[in-house]
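> Input: one structure, supplied below.
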Amino acid sequence: MKELIKKLEKELSCSAHDIDHTMRVYNLCLELAKNEKVNMDVLQASALLHDIARIKEDNDVSGKTDHAVEGAKMALNLLGPWGLSEAKIKAIQHCIKTHRFRTSNKPKSIEAKILFDADKLDALGAIGIARSYVWVGKNNAKIYTDVDLKKYIKENLSGSPTGRIKDKRKHSPQIEYETKHKFLAGKLYTKQGKKIAKERTKFYKDFLERLQKEINGKL
């Protein structure tokens, strides 16, 4: 596992999706798995590898690369030395392929559902806010924007709140919250994940309300 983590450190260069994010998701997976019957080989491996293709997606200006789908393919080679069965490898690939929010690929196994929940929890709360602004800096996006949300979704999210972002420079944390984050608690699968998500969502919402007041000179 230490050798795998070293490989991941080289692949995960974006600070919003770096090895620290991976290890937070990994630890959240272990926490959410405590009251579930899971295959730990599948869960641990998929948690470590879930963002392995993130750089490929970020570097694809066409927007056609899906890091979840591509990551599932890349995992096949990385898992070779582990001596895992074909069934376990396929289960790991399923977890990776279905972990993202903006996709039609849905998690079916308990391991995939736990990974999905853990990854989404890391987008909420204090750490979620911090990661949002790392993303803003990386993509020259907006700290805050006052937009017609329906028009924005049509023009920059391919007509769907869960669509891929066309021009990241036009995006902002509050748009991400209105189209994704505030719905996450209701999209999670595990009881514990939903409980944590509700608290973290409130923290994120309170921050955005404060931010809006400060930007408008009310505080």
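> Condition test on LEU211, is it at pLDDT 95 or above, among the aliphatic types (A, V, I, L, M) and farther than 23 Å from ASN105 by Cβ?
It is true that LEU211 is at pLDDT 95 or above, among the aliphatic types (A, V, I, L, M) and farther than 23 Å from ASN105 by Cβ.
> Quick check on the range 160-169. Is at least one of its residues under 21 Å from ARG54 (Cβ atoms), touching a residue at least 24 places away in the same chain (Cβ under 8 Å) and in a helix (DSSP H, G or I)?
Yes, the range 160-169 contains at least one residue that is under 21 Å from ARG54 (Cβ atoms), touching a residue at least 24 places away in the same chain (Cβ under 8 Å) and in a helix (DSSP H, G or I).
> Inside the range 140-159, can you point out the residues that are part of a helix (DSSP H, G or I), touching a Lys or Arg at 6+ places or on another chain (Cβ under 9 Å) and surrounded by fewer than 16 Cβ atoms within 10 Å (Cβ to Cβ)?
Correct list: GLU155 only.
> Which condition does TYR177 not pass, out of (1) surrounded by fewer than 18 Cβ atoms within 10 Å (Cβ to Cβ); (2) free of Cβ contacts under 8 Å to residues at least 40 places away in the same chain; (3) outside any loop (DSSP other than H, G, I, E, B), if it passes all the others?
Status for TYR177: all satisfied but (1).
> Within the range 199-217, is there a residue that is open to solvent by 80 Å² or more (accessible area, probe 1.4 Å) and closer than 23 Å to THR65 by Cβ?
The answer is no, given that none of the residues of the range 199-217 is open to solvent by 80 Å² or more (accessible area, probe 1.4 Å) and closer than 23 Å to THR65 by Cβ.
> Just to be sure I understand, how many residues within the range 99-126 are among the hydrophobic types (A, V, I, L, M, F, W, C), open to solvent by 20 Å² or more (accessible area, probe 1.4 Å) and modelled with pLDDT of 95 or more?
2
> Does the range 84-98 hold any residues that are open to solvent by 70 Å² or more (accessible area, probe 1.4 Å) and without any contact (Cβ under 8 Å) to a residue 24 or more places away in the chain, and which are they?
GLU86, ALA87, LYS90
> Identify, by number, the condition in (1) out of contact with any helix residue (DSSP H, G or I) (no Cβ under 7 Å at 6 or more places or on another chain); (2) under 25 Å from THR65 (Cα atoms); (3) open to solvent by 30 Å² or more (accessible area, probe 1.4 Å) that ARG169 doesn't meet.
Condition not satisfied by ARG169: (1).
The values are calculated or read from the model by the stated rules, or taken from the named source; none is laboratory data. Fair warning: this is a prediction, and the values are worked out from it, not measured in the lab. All Cβ positions, even for glycine, are placed from backbone atoms using ideal geometry, and neighbour counts span all protein chains on display. Remember, those area values only see protein heavy atoms, side chains included, never the ligands or the DNA or RNA. Shrake-Rupley method; radii C 1.70, N 1.55, O 1.52, S 1.80 Å.
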